[in-house]
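The structure appears below as structure tokens.
The values are calculated or read from the model by the stated rules, or taken from the named source; none is laboratory data. Since the model is a prediction, treat every value here as computed from it, not as a measurement. Reconstructed Cβ throughout: ideal geometry from the backbone, glycine too, with neighbour counts over all protein chains shown. Ligands, DNA and RNA are stripped out before the accessible areas are found, and what is left, the full protein with its side chains, is counted by its heavy atoms. Shrake-Rupley method; radii C 1.70, N 1.55, O 1.52, S 1.80 Å.
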Amino acid sequence: MDNSLATTDNAQLLVVDVQGRLARLMHESETMIAQIRTLIRAVRVLDLPVVWVEQLPEKLGPTVPEVASAMDGLTPLSKSSFGCCGDEAVMRNIESSGRRQILLCGIETHVCVWQTARELRHSNYDVHLIADASSSRSALNRDIAWRRMEAIGVTLSCVEMVLFEMMRDADHPRFRDVSRLLK
């Protein structure tokens with residue numbers, strides 16, 4: 001099987017640190033936040049597991065409301081390590097699904113998202129960075145992180161691309177529901 005293709009039976013979503021005022025400082029923040037919200041809603045329609053992580057929420061604040069509202073019924077996991085894999089509870093959550101493909105999004109691309117991607121690749125996960133659902137305060141920092149991720153085997157994708165890739169066909173039973181979210 002081609003690991004560069006995300007599948008509904010092997011993928012899970014990991015949402016990293018889309019919190020407080022920091023989220024609003026990201027390059028093209030409002031577009032990124034909207035894309036994350038759409039991605040979360042769509043993967044939930046497709047019944048994919050979602051792991052939601054916050055970096056020191058007592059200091060950085062909670063996840064922005066637009067994203068948190070799409071996480072109804074889920075609870076964020078708090079971490080202090082920059083990479084998500086440095087936290088045992090986060091890793092237990094990721095591992096518990098048995099899925100080996102990670103759809104990765106969040107902030108900042110060159111710090112927490114990058115370190116998470118690197119750690120997951122080191123643990124032999126197939127990582128798909130959802131580029132339009134990730135950002136940094138500067139486009140340069142974000143772009144450098146993208147290049148480093150590609151160099152270690154991370155697949156770069158975008159929200160619409162990965163969703164259609166997982167559905168594969170307009171006959172998919174959830175195609176209409178997902179398509180509505182993209183309009």
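Among the residues of the range 120-140, just one is open to solvent by 50 Å² or more (accessible area, probe 1.4 Å) and closer than 15 Å to residue 22 by Cα, namely 137. When you check residue 42 against the structure, is it closer than 19 Å to residue 180 by Cα and touching a residue at least 60 places away in the same chain (Cβ under 8 Å), yes or no? For residue 42, the condition - closer than 19 Å to residue 180 by Cα and touching a residue at least 60 places away in the same chain (Cβ under 8 Å) - is met.
Can you confirm whether the range 98-119 contains a residue that is in a loop (DSSP other than H, G, I, E, B), surrounded by 18 or more Cβ atoms within 10 Å (Cβ to Cβ), among the hydroxyl-bearing types (Ser, Thr, Tyr) and in contact with a Ser or Thr (Cβ under 7 Å, 6 or more places away or on another chain)? Looking for residues that are in a loop (DSSP other than H, G, I, E, B), surrounded by 18 or more Cβ atoms within 10 Å (Cβ to Cβ), among the hydroxyl-bearing types (Ser, Thr, Tyr) and in contact with a Ser or Thr (Cβ under 7 Å, 6 or more places away or on another chain), one finds none in the range 98-119, hence no. Of the residues making up the range 71-117, those that are under 19 Å from residue 131 (Cα atoms) and small (Gly, Ala, Ser) are 83, 106, 117. The helices (runs of 4 or more DSSP H) falling completely within the range 10-96 that include 3 or more residues that are farther than 18 Å from residue 112 by Cβ map to 29-45, 88-96. Looking only at the range 145-181, residues that are in a helix (DSSP H, G or I), touching a residue at least 24 places away in the same chain (Cβ under 8 Å), in contact with a helix residue (DSSP H, G or I) (Cβ under 6 Å, 6 or more places away or on another chain) and open to solvent by 50 Å² or more (accessible area, probe 1.4 Å) come to 1 in all.
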